[in-house]
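Below is one structure, written out as structure tokens, with a few remarks after it.
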Amino acid sequence: MDAAIYNCPFAWARFLPPGTQGVQRQEELAEHIWPLLALTPEGCRTLAKCPKGGEIFCRVLLAPGDCCPLPGQVRAEAVVSYGLSPRDSLTLSSLAEPVLCVQRALPGPEGNLIVPQELPLPALPGPAEELLPLLGLRLLRMPLTEGRFP
């Protein structure tokens with residue numbers, strides 16, 4: 001697997017990008033060096049409360065911006081934060097008609113960079129602010145086409 005999302009809600013499974021698995025146990029995270037690891041807000045809180053287990057390594061970590069400091073057992077080359085704060089790398093510039101806002105250059109699929117931009121979102125299966133980890137995963141894993149989020 002090329003990517004994982006920790007504490008992934010069951011309803012999101014069908015929306016995960018190819019090569020991405022939902023992980024529910026901390027031990028599973030420590031079994032691999034993940035090219036991309038996403039933490040849901042609940043996953044971040046769970047890791048912060050857990051006694052230190054095996055260290056978790058990833059190239060890119062997608063984590064809630066309010067999950068700072070990050071759990072001590074997570075090591076990443078790059079961190080992409082998401083949330084509704086202007087400090088977050090991924091945020092929403094509009095909630096009424098959701099628009100995903102890339103605030104700074106991010107590591108993209110196939111090693112390219114995703115440049116700062118705004119991406120209008122199609123109809124979503126839930127509130128955009130709750131889906132930010134899933135939206136971030138899809139953005140970081142799937143090439144963008146026609147300037148719209150797939």
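The values are calculated or read from the model by the stated rules, or taken from the named source; none is laboratory data. For clarity, every value in this text was computed on a predicted model and none was experimentally measured. Every residue, glycine as well, gets a Cβ built from its backbone with ideal geometry; the counts of neighbours run over all protein chains shown.
Check the range 89-107 and report whether any residue there is under 15 Å from the mean Cα position of the chain (by Cα) and at pLDDT below 90.
Yes, that holds for at least one residue.
Can you find, within the range 7-37, the residue that is surrounded by the most Cβ atoms within 10 Å (Cβ to Cβ) among those that are part of a strand (DSSP E or B) and out of contact with any Cys (no Cβ under 8 Å at 6 or more places or on another chain)?
If we take residues in the range 7-37 being part of a strand (DSSP E or B) and out of contact with any Cys (no Cβ under 8 Å at 6 or more places or on another chain), then T20 is surrounded by the most Cβ atoms within 10 Å (Cβ to Cβ).
Within the range 38-48, can one find any residue that is out of contact with any His (no Cβ under 7 Å at 6 or more places or on another chain), at pLDDT 85 or above and in a loop (DSSP other than H, G, I, E, B)?
Looking through the range 38-48, at least one residue is out of contact with any His (no Cβ under 7 Å at 6 or more places or on another chain), at pLDDT 85 or above and in a loop (DSSP other than H, G, I, E, B).
Do we have any residue at all in the range 51-60 that's within 15 Å of the chain's Cα centre (by Cα), part of a loop (DSSP other than H, G, I, E, B) and touching a residue at least 24 places away in the same chain (Cβ under 8 Å)?
no
Are any residues in the range 1-40 touching an Asp or Glu at 6+ places or on another chain (Cβ under 9 Å), within 17 Å of A76 (Cβ to Cβ) and touching a residue at least 60 places away in the same chain (Cβ under 8 Å), and if so, which ones?
The answer is T20, L36.
Can you say whether A4 is part of a helix (DSSP H, G or I) and touching a strand residue (DSSP E or B) at 6+ places or on another chain (Cβ under 9 Å), as far as the supplied structure shows? Spell out how you get there, then give the answer.
Details: part of a helix (DSSP H, G or I): no; touching a strand residue (DSSP E or B) at 6+ places or on another chain (Cβ under 9 Å): yes.
No: the conditions fail for A4.
Only one of these conditions is not met by R59: (1) in contact with a helix residue (DSSP H, G or I) (Cβ under 8 Å, 6 or more places away or on another chain); (2) at pLDDT 90 or above. Which number is it?
The failed condition is (1).
Considering the range 62-106 alone, what residues qualify as being surrounded by 18 or more Cβ atoms within 10 Å (Cβ to Cβ), among the β-branched types (V, I, T), farther than 18 Å from L124 by Cβ and without any contact (Cβ under 8 Å) to a residue 40 or more places away in the chain?
V74
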